[in-house]
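Working notes for the structure below.
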Amino acid sequence: MERKIGLILTGGGARAAYQVGVLKAIARILPRRAPNPFFVICGTSAGSLNAVTLAVNAQRFRLGVQHLLGIWKNSRIDDIYRTDPAGVFGNSLSWIGGMLLGSMGMHKSKSVSLLDNSPLAAFLAEKLPCEKIQENIDAGLLHALSITASGYGSGQSVTFYQGSKEIEPWRRARRLGVPARIEIRHLLASAAIPFIFPAVRINREYFGDGSMRQIAPISPALHLGADRLLIISVGQNGGATPEREQTPDYPSLAQIAGHALNSIFLDSMEVDIERLLRINHTVGSIPEEIRQNANLRHVDVLIFSPSQPIEKIAERYASKLPWTIRYLLRWIGAMRHSGANLVSYLLFEKSYCRALINLGYQDAMKRREEIITFFNQQP
């Protein structure tokens, strides 16, 4: 039976550099000229950039990973959002003023965001020739690619997918799959972190970060036909519950924002993984005949997540932020220890990204035999 492996790349801003480290290890373990080993590739938020890069380079998996390494190891913040004084303070003041006037019914701001991510659109257009996605699908190198975004008008989690003609759209509670030709605007919409980056209009609706309201992040890969999953998350999963510390100080705005981003980017995936493992356990106890009649199947899954707290790594590199961003983040308390979570999502700086790539690579290489077994490759 053909292996139908799905790759799920979660959101997490600059934390997505960790995914590249894991992919680097997989590329090193698989045969040198191996084509894309993933039947389905699903990306959300910053993970969508990694997903599209692999889809564009489906002919040579290692080449696609090399492209990702080139992007992330040389990452600069001003490739993602403006860091000049006019771009930072002008945009922020306009945002605050627009919100205040809008609340009084005097003015409706066109764009509500703390930062201006207009450089990202040009950067993605230069790096990602999206027309190659369909070429690779037609050549049988990829079955489907999906990018998930959250509709502000409908409140639905919308998975835009491009794939083989036999894939049918789906509709579930608060989520649906829609066929589309993946373009840069889908990536910008999926990566539009709420309040920080502006929403993007696609067809009749404005969309924001795909991790919002994504209550079942594993679901798109299964709808698109995957029966085995490799998931690369950017938050520590399965660790011991941390001790509750006494916190006499009121939480800063940055601490609250970091907490909210953790909830958006990390919680749904952790819950969905736990749900999948419990379903697998239940399915395993059901006789084969009943399973086939009820269309139930076990889904093999291999999960990677950071072995170290990424926010701790971000603290070490926070000084690499441009002075304008440091000033803005200091104003909301993000440059203190309690605000490191927020910094970890915005620190698109090469030294930090390289540290995350190295962590992902080391984490994956320690599980080399698991990877070989999962892909059914000989050492």
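The values are calculated or read from the model by the stated rules, or taken from the named source; none is laboratory data. Predicted, not measured: the structure shown is a model, and the values here were computed from it. Cβ: placed from backbone, ideal geometry, glycine included. Neighbour counts: every protein chain shown. Just so you know, the surface numbers come from the protein's heavy atoms only, side chains and all, with ligands and any DNA or RNA stripped out. Shrake-Rupley method; radii C 1.70, N 1.55, O 1.52, S 1.80 Å.
Of all residues in the range 219-246, which are polar (S, T, N, Q) and either modelled with pLDDT of 95 or more or within 17 Å of the chain's Cα centre (by Cα) (or both)? Scanning the range 219-246 gives 219, 233, 236, 237.
Would it be correct to say that residue 202 is at pLDDT 90 or above and either buried (at least 19 other Cβ atoms within 10 Å of the Cβ) or of a type in the set (A, V, I, L, M) (or both)? Step through it out loud before you land on a result.
Working: at pLDDT 90 or above: yes; either buried (at least 19 other Cβ atoms within 10 Å of the Cβ) or of a type in the set (A, V, I, L, M) (or both): yes.
Against the criterion (at pLDDT 90 or above and either buried (at least 19 other Cβ atoms within 10 Å of the Cβ) or of a type in the set (A, V, I, L, M) (or both)), residue 202 qualifies.
Residues in the range 249-269 include none that are at pLDDT 80 or above, in a helix (DSSP H, G or I), surrounded by fewer than 21 Cβ atoms within 10 Å (Cβ to Cβ) and in contact with a Ser or Thr (Cβ under 8 Å, 6 or more places away or on another chain).
Within the range 354-379, how many residues are of a type outside the set (Lys, Arg), in a helix (DSSP H, G or I) and either farther than 28 Å from residue 194 by Cβ or in contact with an Asp or Glu (Cβ under 9 Å, 6 or more places away or on another chain) (or both)? Going through the range 354-379 one residue at a time, the tally reaches 13.
So for the range 166-183 (the condition being under 14 Å from the mean Cα position of the chain (by Cα), over 19 Å from residue 53 (Cβ atoms) and either buried (at least 19 other Cβ atoms within 10 Å of the Cβ) or touching a residue at least 24 places away in the same chain (Cβ under 8 Å) (or both)), does at least one residue qualify? No, every residue in the range 166-183 fails to be under 14 Å from the mean Cα position of the chain (by Cα), over 19 Å from residue 53 (Cβ atoms) and either buried (at least 19 other Cβ atoms within 10 Å of the Cβ) or touching a residue at least 24 places away in the same chain (Cβ under 8 Å) (or both).
If you check 344, 351, 307, which single one turns out to be part of a loop (DSSP other than H, G, I, E, B) and modelled with pLDDT of 85 or more?
Selected residue: 307, the only one of 344, 351, 307 that is part of a loop (DSSP other than H, G, I, E, B) and modelled with pLDDT of 85 or more.
Within the range 326-341, restricting attention to residues that are assigned to a helix (DSSP H, G or I), of a type outside the set (A, V, I, L, M) and more than 24 Å from the chain's Cα centre (by Cα), which residue is modelled with the lowest pLDDT? Spell out the reasoning first.
Let us first name the residues in the range 326-341 that are assigned to a helix (DSSP H, G or I), namely 326-331, 337-341.
Cutting the leftovers down to of a type outside the set (A, V, I, L, M) gives us 326-327, 330-331, 337-339, 341.
Remaining after also requiring more than 24 Å from the chain's Cα centre (by Cα): 326-327, 330-331, 337.
Working: 326: 81, 327: 78, 330: 72, 331: 66, 337: 52.
By that ranking, first place goes to 337.
If the condition is being under 20 Å from residue 358 (Cβ atoms) and among the basic types (Lys, Arg), then the range 46-81 contributes 62, 73, 76.
Working only within the range 148-165, note down all residues that are hydroxyl-bearing (Ser, Thr, Tyr) and open to solvent by 80 Å² or more (accessible area, probe 1.4 Å). Break it down stepwise before answering.
As a first pass, look at the range 148-165 and keep what is hydroxyl-bearing (Ser, Thr, Tyr): 148, 150, 152, 154, 157, 159, 161, 164.
Selection gives 152 alone.
What helices (runs of 4 or more DSSP H) completely inside the range 1-97 contain at least 3 residues that are surrounded by 18 or more Cβ atoms within 10 Å (Cβ to Cβ) and of a type in the set (Gly, Ala, Ser)?
On the way: elements: 17-29, 46-56, 61-73.
Filter on the range 1-97 gives 17-29, 46-56.
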